[in-house]
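The values are calculated or read from the model by the stated rules, or taken from the named source; none is laboratory data. As the structure is a computational prediction, the values presented were derived from the model and not from experiment. We place every Cβ from the backbone using ideal geometry, glycine too, and count neighbours over all the protein chains shown. Just the protein is used for accessible areas: all its heavy atoms, side chains included, with ligands, DNA and RNA removed. Shrake-Rupley method; radii C 1.70, N 1.55, O 1.52, S 1.80 Å.
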Amino acid sequence: MSPIRSASAAALASAVLATTLTGCQFGADEQDTSPIVIAADLELSGAAAPAGKAYQRALELKVEQLNSSGALNGRKVELRVKDNRSDASESLRNIGDFSSDSQVSGIIMGGCNECAVGAVRTINEKRIPTIALAASSAVSSPVAERRYVFKLSPNAADSAATLAAEMRRKGVRKAGVLHSEDAYGREGSTALRAEFAKAGIKLLREEAVRTTDTEVGQQVKNVLAKKVDALVVWTPAEQATLAATAAQQAKFEGELFFDAAAAGDLFLGSRAAERATLVFTQTMVIDDVIATTPAKAARRQWFQDYTARFGGYNGSSSFAADAVQLITDAELRSGGEPGQVDRDSIRDVLETTQLDGLSGPIRMTPDNHSGLMPQALTTLVARNGRWRLAG
């Protein structure tokens with residue numbers, strides 16, 4: 001190093017030291033300008049890629065909004081994304097990499113139930129706060145075995161109750177069910193049976209499809225052969241569209257009902273789902289709602305921003321955005337030393353979170369790590385190729 005450069009470096013170091021000492025002398029707090037690093041394990045390729053890419057768009061938009069808001073006390077959110085290729089083993093490797101990075105405040109996982117459940121042990125051992133967007137209750141329950149895992153998506157029991165109430169209102173007496181052959185699908189089957197019994201609805205036939213199936217026609221025919229009044233589809237969005245098309249081809253004239261897992265894009269790619277009923281959050285159709293509260297106004301703004309950026313809207317995007325907000329808020333409130341991530345404190349803050357989020361009211365407690373409240377759900381109907389608020 002040249003003498004001039006050495007002298008300049010020494011002068012700069014002295015200036016920084018003097019500033020630090022002066023701050024300490026007068027009791028000024030050191031401002032934390034370190035990034036808030038949030039990691040995301042998403043299905044960006046493979047069978048679940050459409051949903052994973054929708055989550056990624058939402059995460060990036062929300063991070064951009066937070067960073068430009070001026071509300072982070074001089075800090076910025078930094079997003080680090082890895083593709084799990086819709087594979088639980090790859091997802092687990094991603095979780096291991098993220099948890100070993102001391103800068104990461106928390107992880108957001110995508111909609112893969114198997115990935116989230118399979119990572120629980122590692123998440124707890126590494127003590128890294130994680131919010132999964134997967135639907136299965138096994139992601140976050142039992143809480144005693146999932147202290148660092150939280151869930152942000154509609155719960156099967158709440159969806160089943162809302163569906164059954166709407167079916168009873170429409171006079172449905174005989175129903176069939178098509179559900180995914182995974183943890184959430186089986187959970188939905190159990191929940192629907194219980195709610196149907198309360199509502200006086202007979203379940204005449206149910207069929208299961210693998211989440212990777214690209215043909216569901218035979219299963220739909222098997223259900224419709226029982227002359228049901230209604231077909232309940234409890235599958236991911238792509239398979240729900242296939243089921244609606246199969247029902248149309250079978251000339252089914254009864255009612256179609258979709259669980260929240262079937263929610264995808266606002267605009268439907270097929271007319272086969274016309275008049276179908278979907279249980280989901282109000283944000284999906286917030287342009288139909290008068291913004292009478294600050295929370296509704298925020299949801300409407302989110303809907304408009306997302307639509308303007310991406311040319312359409314995906315229902316699940318609000319869950320990803322809320323997950324970013326929850327981890328960011330928890331980091332800001334955790335009280336860690338400047339530049340140091342205190343994951344245990346972040347976990348503790350998340351566990352007592354109350355937020356009127358973009359998805360609806362969210363409440364986490366030490367006994368319940370699945371935060372979306374039942375009142376966040378409503379019924380939507382497909383009209384003229386898009387989802388609208390029912391009624």
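Residue 335: in contact with a helix residue (DSSP H, G or I) (Cβ under 9 Å, 6 or more places away or on another chain), open to solvent by 10 Å² or more (accessible area, probe 1.4 Å) and not aromatic (Phe, Trp, Tyr), yes or no? Spell out the reasoning first.
Values: in contact with a helix residue (DSSP H, G or I) (Cβ under 9 Å, 6 or more places away or on another chain): yes; open to solvent by 10 Å² or more (accessible area, probe 1.4 Å): yes; not aromatic (Phe, Trp, Tyr): yes.
Yes; evaluated as a whole, the condition is true for this residue.
What helices (runs of 4 or more DSSP H), lying completely within region 261-350, carry at least 3 residues that are of a type in the set (Asp, Glu)?
Answer list for region 261-350: 317-333.
Residues checked against (1) at pLDDT 95 or above; (2) within 19 Å of residue 32 (Cβ to Cβ); (3) touching a Cys at 6+ places or on another chain (Cβ under 9 Å):
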| residue | (1), (2), (3) |
| --- | --- |
| 318 | yes, no, no |
| 328 | yes, yes, no |
| 339 | no, yes, no |
| 358 | yes, no, no |
| 363 | yes, no, no |
| 373 | yes, no, no |
| 376 | yes, no, no |
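Looking at residue 158 and the list (1) in a loop (DSSP other than H, G, I, E, B); (2) touching a residue at least 40 places away in the same chain (Cβ under 8 Å), which single condition is not satisfied?
(1)
Out of the residues in region 271-305 meeting the condition of being closer than 26 Å to residue 257 by Cβ and among the acidic types (Asp, Glu), tell me which one is surrounded by the fewest Cβ atoms within 10 Å (Cβ to Cβ).
In this case the residue turns out to be 288.
Could you tell me whether region 184-202 includes any residue that is aromatic (Phe, Trp, Tyr), in a helix (DSSP H, G or I) and touching a residue at least 40 places away in the same chain (Cβ under 8 Å)?
Yes, region 184-202 contains at least one residue that is aromatic (Phe, Trp, Tyr), in a helix (DSSP H, G or I) and touching a residue at least 40 places away in the same chain (Cβ under 8 Å).
Looking only at region 210-217, decide whether some residue is open to solvent by less than 20 Å² (accessible area, probe 1.4 Å) and hydroxyl-bearing (Ser, Thr, Tyr). Write out each step before concluding.
Step one: of region 210-217, the residues open to solvent by less than 20 Å² (accessible area, probe 1.4 Å) are 216-217.
If we keep only those that are hydroxyl-bearing (Ser, Thr, Tyr) as well, we get none.
Scanning region 210-217, I find no residue that is open to solvent by less than 20 Å² (accessible area, probe 1.4 Å) and hydroxyl-bearing (Ser, Thr, Tyr), so the answer is no.
List, please: which pairs have Cβ atoms under 7 Å, are six or more places apart or on different chains, and start with a residue in region 124-152 that is without any contact (Cβ under 8 Å) to a residue 60 or more places away in the chain and end with one that is basic (Lys, Arg) and surrounded by fewer than 22 Cβ atoms within 10 Å (Cβ to Cβ)?
124/147
Scan region 311-320 for residues that are open to solvent by less than 10 Å² (accessible area, probe 1.4 Å) and either of a type in the set (Val, Ile, Thr) or in contact with an Asp or Glu (Cβ under 8 Å, 6 or more places away or on another chain) (or both) and report the count.
2
Sort through 257, 267, 252 and tell me the only one that's surrounded by fewer than 22 Cβ atoms within 10 Å (Cβ to Cβ) and either under 20 Å from residue 51 (Cβ atoms) or in contact (Cβ under 8 Å) with a residue 60 or more places away in the chain (or both).
267
If you scan region 192-209, which residues turn out to be touching a strand residue (DSSP E or B) at 6+ places or on another chain (Cβ under 9 Å) and either closer than 20 Å to residue 379 by Cα or buried (at least 22 other Cβ atoms within 10 Å of the Cβ) (or both)?
192, 193, 196, 201, 209
Here are 323, 330, 308: which of them is surrounded by 24 or more Cβ atoms within 10 Å (Cβ to Cβ) and either within 18 Å of residue 283 (Cα to Cα) or free of Cβ contacts under 8 Å to residues at least 24 places away in the same chain (or both)?
Answer to the selection: 323.
The rows are residues; the columns are (1) modelled with pLDDT of 95 or more; (2) in contact with a Lys or Arg (Cβ under 7 Å, 6 or more places away or on another chain); (3) within 19 Å of residue 376 (Cα to Cα).
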| residue | (1), (2), (3) |
| --- | --- |
| 109 | yes, no, no |
| 119 | yes, no, no |
| 122 | yes, no, no |
| 129 | yes, yes, no |
| 135 | no, no, yes |
| 140 | yes, yes, yes |
| 163 | yes, no, yes |
| 179 | yes, no, no |
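Being in contact with a helix residue (DSSP H, G or I) (Cβ under 9 Å, 6 or more places away or on another chain), of a type in the set (Lys, Arg) and surrounded by fewer than 22 Cβ atoms within 10 Å (Cβ to Cβ): is that true of residue 347 here?
For residue 347, the condition - in contact with a helix residue (DSSP H, G or I) (Cβ under 9 Å, 6 or more places away or on another chain), of a type in the set (Lys, Arg) and surrounded by fewer than 22 Cβ atoms within 10 Å (Cβ to Cβ) - is met.
Take the residues in region 226-249 that are assigned to a loop (DSSP other than H, G, I, E, B) and open to solvent by 50 Å² or more (accessible area, probe 1.4 Å), then tell me which one is nearest to residue 386 (Cα to Cα). Before the answer, list the steps.
Start the filter on region 226-249 by keeping residues that are assigned to a loop (DSSP other than H, G, I, E, B), which leaves 226-229, 235-236.
From what's left, open to solvent by 50 Å² or more (accessible area, probe 1.4 Å): 226-227, 229.
On the way: 226: 29, 227: 28, 229: 23 Å.
This residue is 229.
Select from region 165-202 the residues that are at positive phi and in contact with an Asp or Glu (Cβ under 9 Å, 6 or more places away or on another chain) and list them in ascending order.
171
From the list 81, 63, which one is at pLDDT 90 or above and open to solvent by 30 Å² or more (accessible area, probe 1.4 Å)? Spell out the reasoning first.
On the way: 63 fails: open to solvent by 30 Å² or more (accessible area, probe 1.4 Å).
Criteria check complete, one pass: 81.
Could you tell me which residue of region 353-391 is surrounded by the fewest Cβ atoms within 10 Å (Cβ to Cβ), considering only residues that are β-branched (Val, Ile, Thr) and under 19 Å from residue 136 (Cα atoms)?
Looking at residues that are β-branched (Val, Ile, Thr) and under 19 Å from residue 136 (Cα atoms), I get 365.
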